[in-house]
Amino acid sequence: MASALASARDGARPGSRTVLIAGGGLPGLTLALALKRENGAAMVVGVLDPGGAAPERHRGRAYAVAAGGRRMLTRLGIWEAITDAAEPITRMEISDSRVADPVRPVFLSFGDAPREAGEPFAHMVEAEPLGAALREACLREGVVIAEAAVTRAACAGSRMRADLSTGDTVEADLLVAADGARSRLREAARIGWVGWSYPQVGIVATIAHARPHEGRAFEHFLPSGPFAILPLRDGGALGHRSSIVWTERAEDAPALLSGAPDEVLGEIARRFTLDLGEIALEQGPHSYPLSVGLARAFHAERLALLGDAAHVIHPIAGQGLNLGLADAAALAEGIGDAMRLGLDPGSPDVLRGYERARRFDSLAMAAATDGLNRLFSNDALPLRLARDLGLGLVNRLPGLKGFFIREAAQQRESVPRLMR
């Protein structure tokens, strides 16, 4: 890594700056690409990715990329490369029922989402092609990517010095911790964390089905948690595909997932909509623990937190990746503004501006998703009646529905420039 960065510096402009990103996930790669495209030869960008390019890290995962994220990826030249892998969400239907209920009434539907938002408010994109496109674009732009982890980092004057798992030591003007919810760099910087674990797990899988989804997404609120069916590009054994994000009680999940494939598919079928016909399991299921958390600060001296290192939320609204992309857009904007003025990209002013831009949005989303999960993941009759009444009222108010669509699409003046 040290020699690769040295070579990159040799080809950079005199007085160039260096940013290191610890973590090669989607937000980290997006930030690297945005920095390099914005600053060119004035900046050396390195990504430390201990996971490498192994496709297994993304297999079976798909994300709802909001319209703001799509605009950002378009400006970065990524969207064109993944258009064939992206499926627009044109309709959203929300129901509230028990698993055994014979009828699942739809209490809230966003039936003309593109018209209400001015564009599809989100596209479903599988993580594997998105990650591959970002990585290839980074390499084309001259981003240095190394299969290494930071073992120790400390400020040395006006530089951040990082010791790597390869034995190298590298220096940068700014180190970005994009190393996940259990960020070692965040802990080493003694940045506090406020959060808790849910008594739930998230389960993801790709489902093949016989009937077309026509761009519809379904969210079934069940007593154990939401069961979302999200449209993917056509294909698979039965001609059509969707991704599921299934929230289940942690105590029940092992029994539900440990059976034979036919038994697991049977449990999915009990929760799946009948509208899509015969189903088959294409990929997964894979499970992971669920939690919510927020860093007490988004920066320390010459260190910025990005994505899950800064915040973790419940997947009930599908906004986890979008928060990370907004982080990348805001940090790239702050660094780019500083570079144009000839200022230090790792200065306290830049990092404080980044935190101001992102903290409230992250806190609001964490609180909203936590509240929604607590409201809907139970079977108390008074709460069920109240929430179903609330969903019905929203369904009858076009202005309020449009507001929710615009929020989901990140159509706010406060979003970073790359996402407008």
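Residue-level check: of (1) at pLDDT below 85; (2) surrounded by 15 or more Cβ atoms within 10 Å (Cβ to Cβ); (3) within 22 Å of the chain's Cα centre (by Cα), Ala368 misses just (1).
Of the strands (runs of 3 or more DSSP E) lying entirely inside region 160-256, those carrying at least 2 residues that are more than 30 Å from Ala380 (Cα to Cα) and of a type outside the set (A, V, I, L, M, F, W, C) are 169-172, 193-209, 240-249.
For region 166-196, the candidate set comprises residues that are farther than 24 Å from Lys36 by Cβ and more than 23 Å from the chain's Cα centre (by Cα); within that set, the residue that is most open to solvent (accessible area, probe 1.4 Å) is Arg190. For region 142-159, filtered to residues that are at negative phi and part of a loop (DSSP other than H, G, I, E, B), the residue that is modelled with the lowest pLDDT is Ser158.
Kindly indicate whether Gly336 is in a helix (DSSP H, G or I), modelled with pLDDT of 95 or more and surrounded by fewer than 24 Cβ atoms within 10 Å (Cβ to Cβ). Judged against the criteria, Gly336 is a match. Tell me yes or no: at least one residue of region 258-271 is crowded, with 19+ Cβ neighbours inside 10 Å, of a type in the set (Lys, Arg) and either in contact with a Leu (Cβ under 9 Å, 6 or more places away or on another chain) or assigned to a strand (DSSP E or B) (or both). No, region 258-271 contains no residue that is crowded, with 19+ Cβ neighbours inside 10 Å, of a type in the set (Lys, Arg) and either in contact with a Leu (Cβ under 9 Å, 6 or more places away or on another chain) or assigned to a strand (DSSP E or B) (or both).
Does Gly25 fit the bill of being touching a helix residue (DSSP H, G or I) at 6+ places or on another chain (Cβ under 7 Å), open to solvent by less than 30 Å² (accessible area, probe 1.4 Å), in contact (Cβ under 8 Å) with a residue 24 or more places away in the chain and not aliphatic (A, V, I, L, M)? The answer is yes for Gly25. Evaluation of Ala54 against the conditions (1) over 27 Å from Glu187 (Cβ atoms); (2) modelled with pLDDT under 90; (3) aliphatic (A, V, I, L, M) shows that the sole unmet condition is (1). Being in contact with a Lys or Arg (Cβ under 7 Å, 6 or more places away or on another chain), part of a loop (DSSP other than H, G, I, E, B) and open to solvent by 20 Å² or more (accessible area, probe 1.4 Å), is that true of even one residue in region 292-304? No, there is no match, as no residue in region 292-304 is in contact with a Lys or Arg (Cβ under 7 Å, 6 or more places away or on another chain), part of a loop (DSSP other than H, G, I, E, B) and open to solvent by 20 Å² or more (accessible area, probe 1.4 Å).
The values are calculated or read from the model by the stated rules, or taken from the named source; none is laboratory data. None of the values given here were measured: they were computed from a predicted structure. As a convention, Cβ positions derive from the backbone with ideal geometry for all residues, glycine included, and neighbour counts pool all protein chains shown. Please note that ligands, DNA and RNA were not included when accessible areas were found on the heavy atoms of the full protein model with its side chains. Shrake-Rupley method; radii C 1.70, N 1.55, O 1.52, S 1.80 Å.
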